Amino acid sequence: MTPRISRRAMLRGAGAALALPWLEAMAAPRRARPVRMAVLYMPNGVNPHHWTPRETTCGMDLPGVLQPLESLKSEILVLSELTNAACHTGDGHYVKIGGFLTGTTISKTVGSDLRSNGVSMDQLAAQKIGNLTPLPSLELGIEPVTTGVDLVVGYTRLYGSNIAWSTPTTPVAKEISPRLAFDRLFRSNAKERRKDADVNDSVLDHVLEDAGSLKGRVGAADRAKLDEYLDSVRAVEKRIEFDRRRMKEATDADPDARREVERLGGRLKDYHLDPGRLRERGFDHTEHVRLMFDVMALAFWTDSTRVSTFMFGNEVSGRNFSFLPGVSGGHHQISHHENNPGKLEEYKKIGIWHLEQYAYLLGRLASIREGDGTLLDNAMVVFGAGIRDGNAHSPINVPIVLGGRGGGTLRTGRHIASPTRTPLCNLWLSMLRRMGIDLDRFSDSTGEIEGLA
């Protein structure tokens, strides 16, 4: 009989510690497979004219911005009429992002004395179940923290950089480097490696002996799963190294580009570099996002964490999307479209790009087998924004998509239109309960979203 392996077993070597995916030798019944939860936040809202599906006799009819999800339509729920009432006050942006996952109203300040007045739903989950995994939660993003004061509205820009709050006064820092996020998962010496950006040894080189020993103790099916997993780890590792080298070559030739890389997503207008020149020098925003999603997928696959958040950008982000055909300018600027048809079309294209990246993550999770299902079957992945339309800044009927089946507790492939102004926190409560967290309510919730199951 094949000896049983602990669910917490790892492949170890000098400076390396790789958590393992689910294996038959772990003897975990289907009901024991955990549900994972992720929230992907997009700043600046969406083009509202191309978002909400029309109901048809054949199911959802996905409009323009949601078209990238067509092949995954059976795996998602589009949720409309959800509102974050506590955010319906104050400025155009900061109140909306600050309370997106807390359901609270942030305190106005121009300093570092931040106060969300609540714990975010992801961090509540991390506090309740984070002891079951090596990492209680994993916070990822693309842009560094924005500092200073937005003089237009009188809020510190720090609020725009965070959606995760571990206490009412403590935002959780996000990792914006794919290499450092990868090391956090697989390197026991991650802190030392952070100081030396030129080290590029493969983590697999350090665990070959341990991996060989494990393969000798498991059956053929598990050996195949291990090979698939290790190949995936190496593939991500290679892409991270390629991206790092490409950017290094760019910065060696251009001091301005070096500063841009160091910021990892700073506004292009802050530097005298046009988007075309940046592309020529190797900056690839899409690849940056997808590398982060690959790290998240590996974290869920290995049960390194069951809770994660990702920020496509800080709120009021000026990210230049001129790398998209037909788009010229920054995201925030274009979101203030004033109903100009040209800007609305650009706004739509930026939204489509974001949904393409969401579809990439859902597809990656769906490709990973777990028991007689997939990793996506055992996940809940939200895509959303704190405002519906960047021109109106309204937290009423915010754009929300929920991907995955939540361990079989979600009936996907539908558009659920809740009663007008249903609390967004009803969704957060529904998800927390599916994570095994016993709550009567969360913030201003009035119950679960009706019709999810």
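Quickly run through the range 305-362 and pick out the residues that are polar (S, T, N, Q), in a helix (DSSP H, G or I) and crowded, with 24+ Cβ neighbours inside 10 Å.
First, pick out the residues of the range 305-362 that are polar (S, T, N, Q): 305, 308-309, 314, 317, 320, 322, 328, 333, 335, 339-340, 357.
If we keep only those that are in a helix (DSSP H, G or I) as well, we get 333, 335, 357.
Matches in the range 305-362: Ser335 only.
Quick check on the range 208-223: of everything there that is touching a Ser or Thr at 6+ places or on another chain (Cβ under 9 Å) and not in a helix (DSSP H, G or I), which residue is surrounded by the most Cβ atoms within 10 Å (Cβ to Cβ)?
Restricting attention to the range 208-223, the residues satisfying the condition of being touching a Ser or Thr at 6+ places or on another chain (Cβ under 9 Å) are 217-219, 222.
Subset that is not in a helix (DSSP H, G or I): 217-219.
On the way: Arg217: 12, Val218: 19, Gly219: 13.
The qualifying residue surrounded by the most Cβ atoms within 10 Å (Cβ to Cβ) is Val218.
So which residues in the range 199-233 are over 31 Å from the mean Cα position of the chain (by Cα) and among the basic types (Lys, Arg)?
Listed by number, the residues that qualify are Lys215, Arg217.
Scan (1) in contact with a helix residue (DSSP H, G or I) (Cβ under 9 Å, 6 or more places away or on another chain); (2) at pLDDT 85 or above; (3) more than 27 Å from Ile437 (Cα to Cα) for the single condition Pro34 breaks and write down its number.
Here Pro34 clears every test but (3).
When you scan the range 119-135, how many residues do you find that are surrounded by fewer than 24 Cβ atoms within 10 Å (Cβ to Cβ) and assigned to a loop (DSSP other than H, G, I, E, B)?
Residues of the range 119-135 that are surrounded by fewer than 24 Cβ atoms within 10 Å (Cβ to Cβ), as a first pass: 119, 124-125, 127-135.
Applying the additional criterion that residues be assigned to a loop (DSSP other than H, G, I, E, B) yields 119, 133-135.
Final tally of qualifying residues: 4.
Restrict the check to the range 95-103 and report whether at least one residue is in a loop (DSSP other than H, G, I, E, B), surrounded by fewer than 21 Cβ atoms within 10 Å (Cβ to Cβ) and in contact with a strand residue (DSSP E or B) (Cβ under 9 Å, 6 or more places away or on another chain).
Going residue by residue through the range 95-103, those that are in a loop (DSSP other than H, G, I, E, B) are 99-103.
After this cut, where a residue has to be surrounded by fewer than 21 Cβ atoms within 10 Å (Cβ to Cβ) as well, the list is none.
Checking the range 95-103: not a single residue is in a loop (DSSP other than H, G, I, E, B), surrounded by fewer than 21 Cβ atoms within 10 Å (Cβ to Cβ) and in contact with a strand residue (DSSP E or B) (Cβ under 9 Å, 6 or more places away or on another chain).
Starting from the range 24-35, keep only residues that are among the acidic types (Asp, Glu), then list their pairs with residues that are at pLDDT below 80 and part of a helix (DSSP H, G or I) whose Cβ atoms are within a distance under 6 Å, requiring at least 6 positions of separation or different chains.
From the range 24-35, no pairs qualify.
Take the residues of the range 415-453 that are under 22 Å from the mean Cα position of the chain (by Cα) and among the basic types (Lys, Arg): which is surrounded by the fewest Cβ atoms within 10 Å (Cβ to Cβ)?
Among them, the one singled out is Arg433.
Only one of Leu82, Leu66 is crowded, with 20+ Cβ neighbours inside 10 Å and in a helix (DSSP H, G or I). Can you tell me which?
Details: Leu82 fails: in a helix (DSSP H, G or I).
From the options Leu82, Leu66, the qualifying one is Leu66.
With Val145, Val153 as the choices, which residue is touching a Ser or Thr at 6+ places or on another chain (Cβ under 7 Å), of a type outside the set (Lys, Arg) and part of a loop (DSSP other than H, G, I, E, B)? Don't jump to the end; show me each part of the working.
On the way: Val153 fails: touching a Ser or Thr at 6+ places or on another chain (Cβ under 7 Å).
Among Val145, Val153, only Val145 is touching a Ser or Thr at 6+ places or on another chain (Cβ under 7 Å), of a type outside the set (Lys, Arg) and part of a loop (DSSP other than H, G, I, E, B).
Answer yes or no as to whether Leu365 is aliphatic (A, V, I, L, M), assigned to a helix (DSSP H, G or I), more than 19 Å from Ser317 (Cβ to Cβ) and within 25 Å of the chain's Cα centre (by Cα). Spell out how you get there, then give the answer.
Working: aliphatic (A, V, I, L, M): yes; assigned to a helix (DSSP H, G or I): yes; more than 19 Å from Ser317 (Cβ to Cβ): yes; within 25 Å of the chain's Cα centre (by Cα): yes.
Taking the combined requirement at face value, the residue satisfies it.
Quick one: is Arg441 closer than 18 Å to Glu70 by Cα and outside any strand (DSSP E or B)?
Values: closer than 18 Å to Glu70 by Cα: no; outside any strand (DSSP E or B): yes.
It is false that Arg441 is closer than 18 Å to Glu70 by Cα and outside any strand (DSSP E or B).
The values are calculated or read from the model by the stated rules, or taken from the named source; none is laboratory data. All figures in this text were calculated on a predicted structure; none of them were measured in a lab. Glycine gets a Cβ as well: all are built from the backbone with ideal geometry, and neighbour counts include every protein chain shown.
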